[in-house]
Amino acid sequence: PEVFLNGGGDQVWEEEEDKEDKNLIFCRACSIAVQELLNLVNDGISFDVLFNVSITVCLNLNISNLVVCENMLEILKPQISWILTNADLTGKDMCATLFTAENCQSDNPDRVWDVEMPDVPKPVLVVPDIPTDGPTIKVLHLADTHYDPEYLPGGNANCPELVFCCRAESGEVLHPNDAAGYWGDYRFCDSPRWTLESIYTHIQEQHPDISFIIWTGDLMPHNVWNTSREGNLKIIRDSVALVQEYFPGIPVFPAIGNHEAHPVNGYPQPYIDNEFDISWLYDEIADIWQTWLPANVAERIMYSASYVTEVFQNLRIISLNTNYCYSSNWWLLYDSNDPGEELYWLAQELQRAEDDGVFVYIISHIPTGDPNCQYSWSHQHNKIIARYEGVIAGLFYGHTHKDHFQVFFDPDQPDRTIEVAYIAESQTPYKKLNPGYKVYTVDAGRPEATYTVLDHENWYFDLDQANFEGSPTFQLLYTAKEEYGMSDLSVQSHLDLIYRMAANSTLFDLFYKNYVKAARPSLEGGCNSVCKDELLCKLITADRSDLSHCDTLP
């Protein structure tokens, strides 16, 4: 507790080199400190006093400065106070729920749960033949646009104490190198409108044959301590209008990101009908998404910000709200048991697709193998994917801002791969990245089409060059099969790539360059052996309850 309340946390971590030991120390210290705070709540301490202590913790752990600590906790105070009042929590349970990335473990048996699956035997898996010269379509994947309407060229980009910069409020520019570039900045800054417009214009010109777009969420800028419901809704409306303006007549299938909520990450269960009711957001996006979606999906969107709709006669898209697995969503402290019945609904819809003989794309924001995805949610999701692998033609995520993938394994046959999910690069440069986008080439346009991703190309522009020359120069960064020497993009080929990268540093360095979109600051920082191990583990994990495949890496 003294570490958390009086500072000194950095020294504790520096004294322990092993990451597992660091996590163990963190989880133990967190459990003790949070339990003491809970004891104070049970003893009748006022929430005002409690949150003043929390501000002290925020400052002593060097999480941020006084402005951010005070404002963020002020925004969070009402919902956290309600949760602490109405939930039966222990310090260990709270830390495990909020800090899954540190592998903290709960003492609450209710955190382990199962989803009821349709009682239908899994059919024999048929692997179809895909002609090498058959017809194809192009699918654009937009992710993490993070539009900042208040971006200020020349503003202060060097304000790490504020977590978010390049605005009039970001303080004085003390050195010429601290000034934000016109087209964006590698530091703590998001996308100005004209940068997004430039990206969309290039996509129009380079890819006039786009069939449809998947857009996997996160539209807000990163000023998380200074958001509002009205402000978030305006940015959603403006972002949707911008995409509609540049891609008229092209179907767009959106998913909701963690930043769309206010407070950020705050997604209460649909049955919460008090002042924290999330309908202010879900009702609005149900209306806004009608720009592209049929009216019959609105009811499900208003319930849980998810939907299923038809793309073609034999392809459906399921948009899944993975904010219900996100450990930064404080509402999971109150109830983490399949919020919104999201996974139950997913299984039912996949069964319906199987019955109807159609394929499905699943789009979401947060990857289910993300370190911050709840163990039970991730595990139950993986079981559903394994059961319905025969109808799932693709899985697509965003959230990380990087360009990578994750491999799914069969929980009943742990050595058998079942699916690969694509995690698309961001349009925002936040942080230490170049803006980019991904276009898939997909098997389609024939009666036996499988809608399998056959290849993908990845484009970017270099921020240094754009800010120096005055305009972006878009470049093809790579195409997957050619870059990595893959005969196809099957899940087995992706697994083979992971093991090849583990053994070949040159190949891994190439992957890392593409992972960060060839951004100078990230490449200068490099990826040492610890970084490499963590990244490869991320690629080989789609179920956060099972990290065993990481141990198979050399």
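Give the residues of the range 221-256 whose amide nitrogen is closer than 17 Å to a point set 7 Å from the Cα of Glu205 in the direction of its Cβ.
246-247
If packing is taken as the average count of other Cβ atoms within 10 Å, what order do 109-117, 217-225, 124-132 fall into, highest mean first? Can you show the working numbers first?
Details: 109-117: 13.7, 217-225: 23.3, 124-132: 8.4.
Packing proxy ranking, top to bottom: 217-225, 109-117, 124-132.
Please tell me which of these pairs span more than 31 angstrom C-alpha to C-alpha: Lys77/Lys383; Lys92/Lys383; Lys383/Lys481? Walk me through the numbers on the way to the answer.
Values: Lys77/Lys383 36 Å; Lys92/Lys383 27 Å; Lys383/Lys481 29 Å.
Checking Cα-Cα distances, Lys77/Lys383 exceed 31 Å.
Using the beta-carbon distance between Arg237 and Leu66 and R0 = 25 Å, what value does 1/(1 + (r/R0)^6) give for FRET efficiency, to the nearest 0.05?
On the way: r = 33 Å, r/R0 = 1.32.
Step by step, r from the Cβ atoms, then E = 0.15.
Under 27 Å Cα-Cα from Lys431, which lysines qualify once same-chain neighbours fewer than 8 residues away are excluded?
Lys19, Lys22, Lys234, Lys402, Lys513, Lys517, Lys532, Lys538
Going by average Cβ neighbours within 10 Å, how do the peptides 479-486, 422-429, 490-497, 358-365 rank, with the highest at the top?
Output ranking for 479-486, 422-429, 490-497, 358-365: 422-429, 358-365, 490-497, 479-486.
Taking all protein chains in place and a 1.4 Å probe, what share, in percent, of the accessible surface of the chain do carbon and sulfur account for?
Numbers: 11270 of 22560 Å².
About 50 percent, which is the carbon plus sulfur part of the accessible surface.
How much net charge surrounds Glu483 when only other residues with a Cβ under 12 Å from its Cβ are counted (Lys, Arg +1; Asp, Glu -1)? Working shown, then result.
Numbers: positive: Lys481, Lys513; negative: Asp403, Asp455, Glu457, Glu482.
Combined, the nearby Lys, Arg, Asp and Glu give -2.
Set the Förster radius R0 to 51 Å, insert the Cβ-Cβ distance between Asp129 and Glu36 as r into 1/(1 + (r/R0)^6), and round the FRET efficiency to 0.05.
For R0 = 51 Å, the calculated efficiency reads 0.20.
Mind ranking 46-54, 331-339 by how tightly packed they are, going by the mean number of other C-beta atoms within 10 angstrom, highest first? Before the final figure, lay out the partial values.
Values: 46-54: 14.4, 331-339: 21.1.
Ranking, from highest mean packing down: 331-339, 46-54.
Return one whole number: the accessible area per residue of the chain in Å², for a 1.4 Å probe. Walk me through the numbers before you get to the answer.
Working: 22560 Å² over 554 residues.
About 41 Å² of surface per residue is accessible.
Need the full-extension length gain, Asp412 to Ser490, defined as separation in residues times 0.36 nm minus the C-alpha distance. One decimal, nm.
Working: separation 78, 0.36 × 78 = 28.08 nm, distance 2.03 nm.
Length gained between Asp412 and Ser490: 26.1 nm.
Can you give the local net charge around Gln204? Use residues other than it whose beta-carbon is closer than 13 angstrom to its beta-carbon, Lys and Arg +1, Asp and Glu -1. Spell out each step's value before the answer.
On the way: positive: Lys138; negative: Glu197, Glu205, Asp209, Glu245.
Counting the neighbours of Gln204, the net charge comes to -3.
What does a probe at Lys481 reach in the range 434-462, counting residues whose amide N is under 12 Å from the point 7 Å along Cα→Cβ?
Only 441-443, 453-457 pass the distance filter.
Please identify the helices of the chain, taking whole runs of DSSP H, that span at least 24 Å along their own axis as judged from the Cα atoms and have a mean Kyte-Doolittle score of 0.5 or higher. Mind dumping the intermediate values first?
Values: long enough: 19-42 (34 Å, 0.27); 66-86 (29 Å, 0.77); 229-246 (26 Å, -0.34).
The answer, listed by residue number, is 66-86.
Just subtract the alpha-carbon distance of Leu507 and Ala101 from 0.36 nm times their residue separation and send over the number in nm, one decimal. Write down the numbers at each step before the final one.
Values: separation 406, 0.36 × 406 = 146.16 nm, distance 2.73 nm.
Full extension of this stretch gives 143.4 nm more.
The values are calculated or read from the model by the stated rules, or taken from the named source; none is laboratory data. The structure presented is a predicted model; accordingly, all values stated were derived computationally and were not measured. A quick note on method: Cβ atoms are made from the backbone with ideal geometry, for glycine too, and the neighbour counts reach across all protein chains shown. These accessible areas exclude ligands, DNA and RNA; they are computed on the full protein's heavy atoms, side chains included. Shrake-Rupley method; radii C 1.70, N 1.55, O 1.52, S 1.80 Å.
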